[in-house]
Structure formats: C-alpha cells, structure tokens
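Peer 1: Here it is: the structure, laid out below.
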Amino acid sequence: MNLVLQPWRLFLLIIANWSNQQQQPRIDYLETQCAVLIEQLGKRRFLLTDDQRRLAVKGKILGRKQLSEDGTLFTPDTILRWHRQLVASKCDYSDRKEQKPGRPRTRQMIVDLTVQFAKENPTWG
C-alpha cells in the first residue's frame with residue numbers, strides 16, 4: 001500500500017478539511033434552530049403551501065433513515081409522501097387535457113373561399 005500522499009491529493013485533503021470547518025458551524029446553527037422550532041411548536045400541526053413543500057425534494061435525497069435520525073419538523077413518511085405527490089403531479093399530463101385531440105378545425109374564411117371558388121369554376125377538379 002502506498003502511504004506517500006501525492007501533492008495534489010494532499011492539497012485536496014486540505015481544501016476538503018477547510019470546507020468542512022467552514023460549513024460545520026452553519027449546520028450546527030441550523031440544527032439548533034430546528035430544535036428550537038420543534039420545542040415551540042410542540043404537538044401543534046401547521047400546514048405548508050405547495051411551494052413550501054419543496055422540502056420534499058431535499059428530503060428524498062436524504063432518505064427515510066437519515067430523516068428519522070435527524071428529527072425533523074415533519075415525519076419521514078410525510079416528506080416522502082409529498083415527494084410522491086410532487087412527482088405524480090408532474091406526470092399527470094394535465095397540460096395536455098386542455099388541448100383537443102386531432103387536427104385543428106379549418107377556419108371558416110378558408111371554407112367560404114373554397115366554396116366560392118367551386119361555384120365560380122365548376123369545371124375545375
């Protein structure tokens with residue numbers, strides 16, 4: 001096994017460690033903030049709008065196990081249900097229901113001109 005670190009690996013390790021040191025206080029602050037919110041809310045239930053449920057996308061990435069370990073404002077089942085509903089709403093093709101199937105109707109002006117040409121020129125076609 002090669003124990004000697006190459007210079008670029010050492011540099012990458014230093015940058016990763018520095019980045020972690022910069023992000024860890026922010027993560028700790030946000031975790032504490034969520035804990036305070038949970039304490040204030042207690043067992044009360046509050047509703048989110050559909051736009052606020054973008055939390056479901058981030059929760060899906062974490063997964064059920066990580067969500068249950070973190071102790072979030074919502075249960076993992078609720079967050080994953082929101083994600084399923086979000087995906088289902090994107091795939092329901094509701095935008096196509098407004099359109100009528102088939103070829104669009106011919107404009108009445110074109111129909112009138114065609115009839116007029118046919119009456120004026122009975123030998124055509």
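Peer 1: From the list Leu12, Leu80, pick out the single residue that is touching a residue at least 24 places away in the same chain (Cβ under 8 Å) and at negative phi.
Peer 2: None of the other options fit; the residue is Leu80.
Peer 1: Among the residues of the stretch 33-62, count how many are loosely packed, with under 12 Cβ neighbours inside 10 Å and small (Gly, Ala, Ser).
Peer 2: 2
Peer 1: Okay, next question. Taking the stretch 50-72 as the region of interest, how many residues are assigned to a loop (DSSP other than H, G, I, E, B) and modelled with pLDDT under 80?
Peer 2: Looking only at that region, the number is 4.
Peer 1: Right, next: Looking at the stretch 28-49 only, could you name the residues that are more than 26 Å from the chain's Cα centre (by Cα) and outside any helix (DSSP H, G or I)?
Peer 2: Scanning the stretch 28-49 gives Gly42, Lys43, Arg44.
Peer 1: Check off (1) modelled with pLDDT under 80; (2) charged (D, E, K, R); (3) surrounded by 10 or more Cβ atoms within 10 Å (Cβ to Cβ); (4) assigned to a helix (DSSP H, G or I) for Asp95 and give me the number that stays unchecked.
Peer 2: (3)
The values are calculated or read from the model by the stated rules, or taken from the named source; none is laboratory data. For clarity, every value in this text was computed on a predicted model and none was experimentally measured. Using ideal geometry, Cβ is built from the backbone for each residue, glycine included, and neighbour counts are taken over all protein chains shown.
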